[in-house]
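For reference, the structure discussed in these notes is given below.
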């Protein structure tokens, strides 16, 4: 019966931590342009959330000499579910052990993916305490919609670069109960990208093959995605980004994989951020067969319509690699 | 552990059957205006689906002298989950027993809610077999997007009228594992409306107090909802409905409950259909506390912005009642 | 040939002045919620513009004990055109004479409509001088798009209440060359509303019958309209207005007349402001026959789809009348 | 005074004729995908219109062995205006003389631009006679909104390739009274593109430098544009085009010039068609100074945000040239 429960044991993406060498620029981007709210500061870290994120924070920004991924935090479905998953992860040898907690949450169990992305799983979270002047009549919304920038609504997913997506995918499926929703498979059988979820979202987590380096275990971040749900907001944001000299890497465009209408930008600290402009599609089928895109279908998998993706999309991640080993072709 | 599994045992709304006294009008509405696809016919029934519904059908339209609800069909999360739920429902005394199946699915266990809405739960489903000329490069979409009308994407939820929402809600929570997401509570503690789900959607199922009659057990339908996900499509549809003399009861508007941007129309057979134009919000928190709207907050619960709802919204359901007992005030 | 030129002699709505008893509230509304830019202050007046208004200002807000219309300013097509129009207006007896100018423009000739709405016509205007940090790469836009509120793009039109729209309409057609685009005609031949323009816009100016008073010559304002051009922005604005307790009188909805998707709100000073969310339709036909809506078609003329309009829409204007004489029915 | 009238003498783009070697494909595209209505056929020609085009037709499709431009038809502001323009054009030596008329309009005066694009100017037009089952309650709309494809609303503009935009621009300004709204100027002073209009639209007509050939006088077509006014419709159309194997050349994207949100596709006959998804901006200023984009600003002039344009955009026109002379760089 543990087996039956496994696929329900992780409930959601709770938060992500990113590193930035330019905290002022990064905070300006998330607060003034994406309309996020600063909740708290401690040491070199600032805790932020979108206006429909219910917990204390969904993004932790930590100053560091290089951009990159701090960690990814998953919330279990219950205290029991947390215990089940920790037991399995520990058995797998990937565990780093418990931490006491952080601002906004209690004890969390940390671990590494095969490619050394740091993650944690937890149960105890603090809910956002809304100041009186920010409460709204809309009782299912934790605060008023901000009037700054083009405000994102919630954190959506994280996309990680890896030397080989397959073992990372297998780890998340076997130890944490993730479901494979879509993948792009090369002619030689290797996976170029895998999209995984624990909910009807097509992904809270993706692993893509790092084409910028052949080194293993770098734990590189491709992007963190925030969600709008309305296509117009990508257009609004595009204008503001252009007028404030923030580099739009690609989009607005529509992916085949996940049907996401989206765009990619680099925040001033150097990390790639995706903005998600519609709902994509949702998977309710409990017996879902992963959608398999062949190498020959790669073009439509990546871009259903809209701009082609630049080379940087496939090769650039954070931290940046010193001397990128460029794959031929 | 059964208890831990219960809340995951129902996976999704599979399909809804409605009755119509005007099958030609009803089919024209769903096919030509909402762009749905006719899949099969048998006897007095026609089976339809939206272009992103993955199974054989999501809507069964059956000729009958009066409009109303045929039945609501839920898909379990697994064969085991089906067995667990059937055992519980049978014990509760609400069971009607197994049927062998129908076009598009295998054996299903039927039962009645306390207010006599007919439902079923099943596991075996047929997937839609797309004709060659309708297949699409978008591999996560079961057919091309239709070029007729303003095509809906998938079935979303069903809303049922009841003499008292509370016991109906309790039944679905206790026997089928639904979660209460939001409710409107009168000053006397009675519930005016309850919104329930088994997924991050705020509701696949709602019960609202029937203000058009005080009779019990009528099994009346308030509406079936189909999903667009894009606000513009409500505007597009509004124009077409107006130009084709289909009555728009209300909207486009935005509910406080569920944050749904939506509109309500009566299909030619007389049933109310809701069209859902954005994503509302999604609930990923595994420890969600139901949002409670007080009677004094009713106005914002019902309409966050946009048109007020006409009296018919609260009193009219299908089948229509002969001599409506109108509640005062 | 003067006759051939007349219909081209007025080029556009240049600006509108409104009165407010609550300048702080009014300025907060236009600057923080509608994202307008304060350009200059003098005496009791503040000059504002939308981010795609090219001139010094499009809205002048003047403190006064009651809300209402200050004046409406039209820009002529040329210096010659200005002279031609002034000569005709003066002959008609409606002229008030020349003023030297105001902040943002040179000499203007002032006059009164038959119902005493104060207007002016001018040629010399100052263009907005954009501060260096607000200039944009988009060379056809006079400043960056603001990141406050949901910013309006330009002034669109003004709608005036009158005891009888017909003579006001005739005055604007005969003396200023306006074209009648649409009108609603009662069974007795009287006009309930008239929509006039000098450009492909369906209206820069409307006169509606004042159903809140039978007094003549009050010069009442129904509303000033600002333009978004994108339907989503009405939805965005609706959320923000609701969360900041600004009264939405009606909408978002779609008018039959002018095909405008729009909404109406009261700014804190009490004046009604319309927000225009799409493009309506444009009239390029030089031989346009006015669209005539009969009394029996009134419903669709007013609301093509969406919310019905409340009684206040037909009776409330600024300044408010002390003891409204309510027309029967 | 003739001089004062000249800039008002042309009122609008009336219709465009294109040639197609694949009339079945071309008609399928315009009728089934763009939702246009076939009005009449004669000889090798089919006459079509969008659902908000008021006249008999806005597009004439004529079978020919090669795609390309048939002619562009302008409507004068009055009979007098027509006479004035014909007199001037005749004097300029560009006139081809009067034709008796065509289906949908009366006598027209034909002429050639310096690069041999065939044009005509006319006054007498037939209005679309709507069949009874297509009339709408929306009295300012000439027919119901179609329920096929993603229906375009009206013709918007035409863009022509020329060996040198400057003399073509000068001809249209001097002989027909067009206004220069925006242009891109090379470092050597030559114009790469010019956008001209007779209304607040930024352009009904553009000339771009033909980078696919250095031959003069070819009268090549770059594209004809139809208007939606709603960004979502570009997304809807993109899906349908992709699923029906119609090549999207570029977009959706946003131009700097004209602020157009748009996309480009090749209809099956080979002509490039632009779809215009928002309103861009409108020019009401009667003293407009043309926006001048320098060569160094070319990138933002062409793409404000969204996909870069492929090489074909600058070099491909219809008819296609046999051995394109490719300009270096």
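What follows draws every value from the coordinates through simple rules; no lab data is involved. A quick note: this is a predicted structure, and the numbers were derived from the prediction, not measured. Using ideal geometry, Cβ is built from the backbone for each residue, glycine included, and neighbour counts are taken over all protein chains shown.
Assorted remarks:
- If R0 is taken as 25 Å, the Cβ-Cβ distance between residue A:215 and residue A:65 corresponds to a FRET efficiency of 0.85.
- Per residue of peptide C:131-141, the mean number of Cβ atoms on other chains within 10 Å of the residue Cβ is 6.
- At 7 Å out from Cα toward Cβ: residue C:216 inter-copy label distances (nm, ascending): 6.8, 6.8, 9.4
- For region A:269-297 versus region A:190-207, the gap between their alpha-carbon centres in whole angstrom: 7
- Gyration tensor (alpha-carbon) shape descriptor, region A:119-159, a/c threshold 1.5: oblate
- Model label zone, residue A:99; criterion: amide N under 18 Å from point 7 Å along Cα-to-beta-carbon; scope region A:19-38: A:19-21
- Among A:313, D:51, the ranking by other beta carbons within 10 Å of each residue's beta carbon, starting with the fewest, stands as A:313, D:51.
- Every helix of 4 or more DSSP H residues in chain B counts as -39500 (n - 2.57), and over all residues that averages to -5000 deg cm²/dmol at 222 nm.
- Region C:232-292 has equivalent-ellipsoid semi-axes of 28, 12, 8 Å, by the square roots of 5 times the alpha carbon gyration tensor eigenvalues, sorted largest first.
- P(r) tail fraction, region B:144-266 - alpha-carbon pairs more than 22 Å apart, %: 41
- Relative to the other identical copies, residue B:103 shows label-point distances of 4.2, 6.1, 7.2 nm, where the label point lies 7 Å from Cα along the Cβ direction and values run shortest first.
- Relative contact order %, region C:140-276, counting alpha carbon pairs below 8 Å whose residues are six or more apart: 25
- From largest to smallest, the equivalent ellipsoid semi-axes obtained for the protein assembly as shown from the alpha-carbon gyration tensor read 51, 37, 32 Å.
- Ranking of B:63, D:267 by count of other Cβ atoms within 10 Å, fewest first: B:63, D:267
- Over region D:1-151, Cα pairs under 8 Å with separation of 6+ residues give a relative contact order of 27 percent.
- Calculated FRET efficiency, residue C:116 to residue B:133, Cβ-Cβ distance, R0 = 51 Å: about 0.15 to the nearest 0.05.
- Three-way shape label, region A:1-69, alpha-carbon gyration tensor, a/c 1.5: prolate
- Sorting A:99, C:121, D:246 by the number of Cβ atoms found within 10 Å of their own Cβ, with the fewest placed first, yields A:99, D:246, C:121.
- Position residue C:25: other-copy label points at 4.5, 4.8, 6.4 nm, ordered by increasing distance, label point 7 Å along Cα→C-beta.
- Rg/Rh (Cα only; Kirkwood hydrodynamic radius) as it applies to region B:42-168: 1.00
- Radius of gyration (Cα atoms) of region C:213-329, expressed as a multiple of 2.2 N^0.38 Å: 1.16.
- Cα shape, chain D, gyration tensor, a/c 1.5 rule: rounded
- Taking chain D and dividing mean pair separation by its residue count, relative contact order in percent (alpha carbons under 8 Å, at least six apart): 18
- By Cβ position, the chain C residue that hugs the axis carrying C onto B most closely, with its distance in whole Å, is C:307, 2.
- In terms of overall dimensions, the C-alpha atoms belonging to region C:131-194 reach 57, 27, 17 Å along their principal axes, ordered largest to smallest.
- Sites residue A:44 and residue C:28 - FRET efficiency at Förster radius 35 Å, r taken between beta-carbons, to 0.05: 0.45
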